[in-house]
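Enquirer: Following this message is one structure expressed as structure tokens.
The values are calculated or read from the model by the stated rules, or taken from the named source; none is laboratory data. What you are looking at is a predicted structure, and each value in this text was computed from that prediction instead of being measured. When we count neighbours, we look across all protein chains shown, and the Cβ atoms used for this are built from the backbone with ideal geometry, even at glycine. Note: areas computed on protein heavy atoms with side chains; ligands, DNA, RNA excluded. Shrake-Rupley method; radii C 1.70, N 1.55, O 1.52, S 1.80 Å.
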Amino acid sequence: MTTIGVAIAVPEPWGAQLQEYRANLGDDSAKGIPTHITLMPPFDVERERIPAIEQHLLQASATNADFKIHLRGTGSFRPVSPVVFVVVVEGISACEQLALSVRRGPLAADLQFPYHPHVTVAHDLENSLLDRAFAELASFECEFRAENFSLYVHDKEEGWQPTRDFPLTASAEG
């Protein structure tokens, strides 16, 4: 068995900036988690199924067009979950549609929580550190185009590693 995930990477320079912020805050897991917007949370699969999953993701990418993502400000899932995140303020619907395309067929699964696109910047830390992240990143803002998404495989030593990119190639409407 191996653990996979599917996500949109936050590009540079913002991806490294947010990952470094998370690590400096004391989130030890940050070094092994590239900054991203999750489409499919961690999912255990048999290695032999990865080619079929890649084929499925290729089909999902072909039916979704690239789109603009605008990140601005912070939010939190507390008290339900000890998470502070940067808010997706534009691109929410496109993220939701893409996530639905991804979470079908070989990746069909029930989610623990309703899907809410976001960029985690603090997780499982003391409340004072979660409060600090919420306040310090309140003015964070960036915009980029989601032109692809990636399949990630979890490595026990290296953390989450992107193994294949899937370009968003459908024609945009309108």
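Enquirer: Within the chain, which is the longest segment that contains none of the GluC sites (Glu not before Pro) sitting in a DSSP loop with at most 12 other Cβ atoms within 10 Å? Each step should come with its number before you reach the end.
Expert: On the way: sites that count: Glu46, Glu126, Glu157, Glu158, Glu173.
For GluC sites (Glu not before Pro) (loop position, at most 12 other Cβ atoms within 10 Å), the longest site-free span of the chain is 47-125.
Enquirer: I've got another one for you. Binned at 5 Å from 0, what are the whole-percent values of the Cα-Cα distance distribution for segment 16-83, short to long?
Expert: 3, 10, 13, 20, 18, 14, 16, 5, 0
Enquirer: If Ile33, Ile53 are ordered by their accessible area, calculated over protein heavy atoms with a 1.4 Å probe, which sequence runs from highest to lowest?
Expert: Ranking Ile33, Ile53 by accessible area, largest first, yields Ile33, Ile53.
Enquirer: Further question: Give me the net charge of Asn148's neighbourhood, meaning all other residues with Cβ under 9 Å from the Cβ of Asn148; Lys, Arg count +1, Asp, Glu -1.
Expert: Spelling it out: positives minus negatives among the neighbours equals -3.
Enquirer: How much FRET efficiency would the formula 1/(1 + (r/R0)^6) give for Thr169 and Glu48, where r is the Cβ-Cβ distance and R0 is 22 Å, rounded to 0.05?
Expert: About 0.20, to the nearest 0.05.
Enquirer: Ignoring the sites themselves, what is the longest stretch of the chain with no trypsin sites (Lys or Arg not before Pro) in a DSSP loop and at most 14 other beta-carbon atoms within 10 Å? Before the final figure, lay out the partial values.
Expert: On the way: sites that count: Arg104, Lys156.
Here the longest segment lacking exposed loop sites spans 1-103.
Enquirer: Report the net charge of residues surrounding Met1, where surrounding means a beta-carbon distance below 14 angstrom and charges are Lys +1, Arg +1, Asp -1, Glu -1. Don't skip to the answer; put the middle values down first.
Expert: Details: positive: Arg47, Arg49, Lys156; negative: Asp44, Glu46, Glu48, Asp155.
Around Met1, the charge tally is -1.
Enquirer: Helix-derived [θ] at 222 nm for the chain: sum -39500 (n - 2.57) over DSSP H runs of at least 4, divide by residue count, nearest 500?
Expert: Theoretical 222 nm ellipticity from helices: -8000 deg cm²/dmol.
Enquirer: May I ask for the net charge around Val83, where only other residues with Cβ less than 11 Å from the Cβ of Val83 are counted and Lys, Arg are +1 while Asp, Glu are -1?
Expert: Local net charge: -1.
Enquirer: Kindly report, to the nearest 10 Å², the accessible surface of Asp124 as traced by a 1.4 Å probe over protein heavy atoms only.
Expert: 110
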